[in-house]
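Here the structure comes first, spelled out in structure tokens, and everything after it is commentary.
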Amino acid sequence: MTKKLVALTITLGIITTLTTSAWAGGDGIGTATSTLIGIGTGTGTGTGSGSGSGTVSGTVSGTVSGTVSGTVSGTVSATPSPAPVKVNNLPQYDVTKLLTLFDDKYRAQNFRSMNKILPSTIIKASNTPYQFKENIKPLKNLTYTYEGKKKQLIGLLEQTQTTGFIVIKNGTIVHEEYYLGNSMTANNTSWSMVKPYLSALIGIAIQDKKINSVNDKVTKYLPELSNSAYKGVTIKQVLQMSSGAKFNEDYADPSSDVSKMIPALFFFNMPASQIVAKVTSESKPGTFKYKSVDAQVLGMLIHKTTGLQPDKYLEKKLWQPLGMESNAYWNTDMRGNDLSFGFLSATLRDFAKFGELYINDGKWGKQQIIPKQWIQESVHPDRDSLQPGVASSDFGYQYQWWYPKDNNGTEFVAIGMSGQYTYVNQLEKVVIVKTSADANFYGDSYENITAFRTIVEDLKKSKK
């Protein structure tokens, strides 16, 4: 026999170090050192077995104990280097690729391959696909002014590592380009650009009388959150990222809550709902603070009230009636629950149709898919603390939509990590979708809005 050592080091917060040795075709001894969110800290030893050639797998288990608001104990199990698997005949996924998800070398490719990294569920293309008309216009030589400097649009697209860029005017594609190996048929991950889809689905669920009102308490529908930060919090407060929940959203900090969440989900197989149930409060409800855990609660609400996971409710209520041309997919935790705070992957043209629905106040053809009142309620900040310059320096916030400063009153935008945008300008009937692999997206957000507005003005001039 030949002894093979498998070692995995993860810096995302849950597993600090995991080392195991296994004999091919025999038994092995492993040790695990771990830190668990809300469970405890400790070390464990155990025995595991594995067989096969190539990838050697074995399970290490041990009992750990620790103190988190009291003394708790439990058993931790971890499988080193999880083998790629298939679920429902979807392409293989390999969660160990999370370790290089944001590496410069792989980021652009990873962002259009999330179904090969994490488990996912298919959202089926419409039985009656709708295709935009096309009237392509050149935009490469367009210039805009930002912070007193004249810049070129093409420079911004390169600077922000743009992978796809589509502009719709009056329901017609006027510009469409793809970069860094991307294509018209590729499914690009949304990250948080998906959050307004949750807002739309909540509005539809209210229309369908699945939810009574945004003023209902979350725990009316999710009593399992009664001992969490969401006790006493209304659905509206969750929509406005004002739950008061304590959740650190800093992706650059390996000790932040959002960084710890990923390995908890995929290396310890914790259901997303269990993580949400352990979130505590840091302030009274009603104070804006952006945090993805609130969006996960919206997904849980959709599931509980409609009986469908968000992906299936999306397929039924939006994907099919909007004539989406391609299958999309939504990544899930290891238990099959949608990761509703991000992780929807679709083509740019299909993302653009969602923006176009909002151009038309929720109406598509002759069908009112989302109530017009809900559209208007969703996109305009309705209290002082949600206004631009208060919620953040350049943006206000409402029901999962960002509202840029210096607004004409009809502009709003969905924004996802690393430079994913769906920009909507109702007055000028323009939708712009931009996907990116931008490592500096925090510093580029408002510059992108400035460039989008310049495109809008250029299209007005070309019409004349």
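Phi angles of the range 284-292 translate, via the Karplus equation with coefficients 6.51, -1.76, 1.60 and θ = phi - 60°, into HN-Hα couplings of 5, x, x, 9, 5, 7, 5, 7, 5 Hz per residue; Gly and Pro are given as x. Between amide H atoms placed 1.01 Å from N, distances below 5 Å from Asp208 occur with no residue 5 or more places distant or on a separate chain.
Sequence-ordered 3J(HN,Hα) estimates for the range 93-99 from the Karplus curve with 6.51, -1.76 and 1.60 and θ = phi - 60° stand at 10, 9, 5, 5, 5, 4, 5 Hz, glycine and proline given as x. Between Lys231 and Tyr179, full extension at 0.36 nm per residue minus the direct alpha carbon distance yields a gain of 14.2 nm. When only alpha carbons are used to place a centre, the range 214-252 and the range 366-436 end up 21 Å from one another. Were the residues from Lys284 through Ser385 laid out at 0.36 nm apart, the gain over their Cα-Cα distance would be 35.0 nm. Cross-link list Lys140/Lys434; Lys231/Lys312; Lys140/Lys353; Lys116/Lys316; Lys405/Lys429: which exceed 21 angstrom alpha carbon to alpha carbon? Those over the limit are Lys231/Lys312; Lys140/Lys353; Lys116/Lys316.
Placing pseudo-labels 7 Å out from each Cα toward the beta carbon at Gln131 and Lys105 gives an inter-label distance of 4.0 nm. For the range 335-346, putting each phi into the Karplus relation 6.51 cos²θ - 1.76 cosθ + 1.60 with θ = phi - 60° gives couplings of 9, x, 8, 4, 8, 6, 6, x, 6, 8, 10, 7 Hz, in residue order, rounded to whole numbers and with x for Gly and Pro.
Surface listing: Ile262, Ile117 arranged by accessible area from highest to lowest gives Ile262, Ile117, probe 1.4 Å.
When the trypsin sites (Lys or Arg not before Pro) in the range 161-253 are filtered for DSSP coil states and for at most 16 other beta-carbon atoms within 10 Å of their beta-carbon, the remaining sites are Lys209, Lys231, Lys246. Residues whose amide H falls under 5 Å from that of Val233, counting only those 5 or more places apart or on a different chain, are Val218, Thr219, with hydrogens built in the peptide plane.
The values are calculated or read from the model by the stated rules, or taken from the named source; none is laboratory data. Bear in mind the structure is a predicted one, so any value in this text is a computation, not a measurement. Quick reminder, even Gly has a Cβ in these numbers, built from the backbone with ideal geometry, and neighbours come from all protein chains shown. The area values use the complete protein model at the heavy-atom level, side chains included, leaving out ligands, DNA and RNA. Shrake-Rupley method; radii C 1.70, N 1.55, O 1.52, S 1.80 Å.
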